[in-house]
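A quick write-up on the structure given underneath.
The values are calculated or read from the model by the stated rules, or taken from the named source; none is laboratory data. Being a predicted model, the structure only gives us computed values, none of them experimental. With ideal geometry, Cβ positions are generated from the backbone for all residues, glycine too; neighbour counts draw on all protein chains shown.
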Amino acid sequence: MSLSSRHLIGLFGVPKDDIQNILDTAVTFREVLERPIKRVPTLQGKTIVNLFFESSTRTRISFELAQKRLSADVINFSASTSSTKKGETFKDTVRNIEAMKVDMIVVRHESSGVPQFLTRISKANIINAGDGRHEHPTQGLLDMFSIREKLGKLDGLKVCIIGDIAHSRVALSNIYGLKTMGAQVSLCGPPTMIPRGIEMLGVKIYHDINKAIAENDVLNILRIQLERDAGTTIPSLREYHNYFGVTSERLEKYNPNILILHPGPINRGVEISSEVADGPYQIILDQVTNGVAVRMAVLYLLGTMN
């Protein structure tokens, strides 16, 4: 019960056995979450720092809850109240934190490559909670876990990721992880939101949402990342919804059995209608619950390697 690396920076190049190990371990922790006492002593005595330099709700709370469920000591770092506001460098901040004898660092940062940089300056286990436009590996893992939980497998499934691919770190982690596990992955969106050359990763490209819905088993819907100026790549949000919005009418007409995922936050009336977000097709809240179990699995497997 161990992984091939002591860090989780992304799903690119992660062996199939590692992903299988994480998903299988998460099954056990998913059962723990259903118990009256939702705590196990697995990481008792370990100290974990949540180093978040970017806004987050689901990911930060999910990691913190997973850590506490494993009985770890948790320190939450807030960039807005840290010494970085006084001119301290990121490197010095991390080294000062590590001098307090922490065992693991969970990091989220707006710049790609920060988690990889941490592996070079820190002796702690590093877990990437999302870096720039690079990857968001635990989101990819929880998406895979949720699909497997609902459909019983990943191998051979057809999964389409729709939306703002160009600004998404979730998309890359899903592509790498799903393809490693044998799924067929495709992307759908306006040409301005599909990165040039991404088909080199072995994915199919759709610009017709109706065809994407008809030909796939799973639809993973991404929001338009307005905070990264994604709105400038489309004429308007209303037009995006008209051409690429996932609505109950489209699902009923083209594929009433398709499974709907969304990593959140949801922009209702833009990439997804309220009827779909709250309807029988989706497992959006299941993803949130499964996120705690998957992060417990990652923390456990990395935390018990040392």
Output the residues belonging to the range 211-243 that are out of contact with any Asp or Glu (no Cβ under 7 Å at 6 or more places or on another chain), among the hydrophobic types (A, V, I, L, M, F, W, C) and modelled with pLDDT of 95 or more.
-> 212, 213, 214, 218, 219
In the range 79-87, is there at least one residue being surrounded by fewer than 21 Cβ atoms within 10 Å (Cβ to Cβ), in a loop (DSSP other than H, G, I, E, B) and hydrophobic (A, V, I, L, M, F, W, C)?
-> no
Quick check: is even one residue across the range 22-31 assigned to a loop (DSSP other than H, G, I, E, B), surrounded by 17 or more Cβ atoms within 10 Å (Cβ to Cβ) and of a type in the set (A, V, I, L, M, F, W, C)?
-> no
Selection count, the range 92-113, where residues are assigned to a helix (DSSP H, G or I) and touching a residue at least 40 places away in the same chain (Cβ under 8 Å) = 2
Please find, among 33, 8, 23, the residue that is closer than 23 Å to residue 119 by Cβ and either in contact with a helix residue (DSSP H, G or I) (Cβ under 6 Å, 6 or more places away or on another chain) or at pLDDT 95 or above (or both).
-> 8
Condition met for residue 42 (farther than 22 Å from residue 181 by Cβ, touching a helix residue (DSSP H, G or I) at 6+ places or on another chain (Cβ under 8 Å) and of a type in the set (Ser, Thr, Tyr)) = yes
Which ones in the range 279-306 are farther than 22 Å from residue 24 by Cα and touching a helix residue (DSSP H, G or I) at 6+ places or on another chain (Cβ under 9 Å)?
-> 279, 281, 282
Determine which member of the set 101, 68, 46 is loosely packed, with under 15 Cβ neighbours inside 10 Å and within 22 Å of residue 304 (Cα to Cα).
-> 101
Members of the range 172-188 found to be closer than 18 Å to residue 139 by Cβ and of a type outside the set (Lys, Arg), listed by number = 172, 173, 174, 175, 176, 177, 178, 180, 181, 183, 185, 187
Among the residues of the range 117-168, count how many are more than 26 Å from residue 98 (Cα to Cα), of a type in the set (D, E, K, R) and either modelled with pLDDT under 95 or more than 15 Å from the chain's Cα centre (by Cα) (or both).
-> 8
Only one of these is modelled with pLDDT under 95, in contact with an Asp or Glu (Cβ under 8 Å, 6 or more places away or on another chain) and among the acidic types (Asp, Glu): 98, 110, 88. Name it.
-> 110
Under 7 Å by Cβ, and 6 or more places apart or on different chains, what pairs join a residue from the range 152-168 that is closer than 14 Å to residue 180 by Cβ with one that is of a type in the set (D, E, K, R)?
-> 154/148; 157/217; 159/217
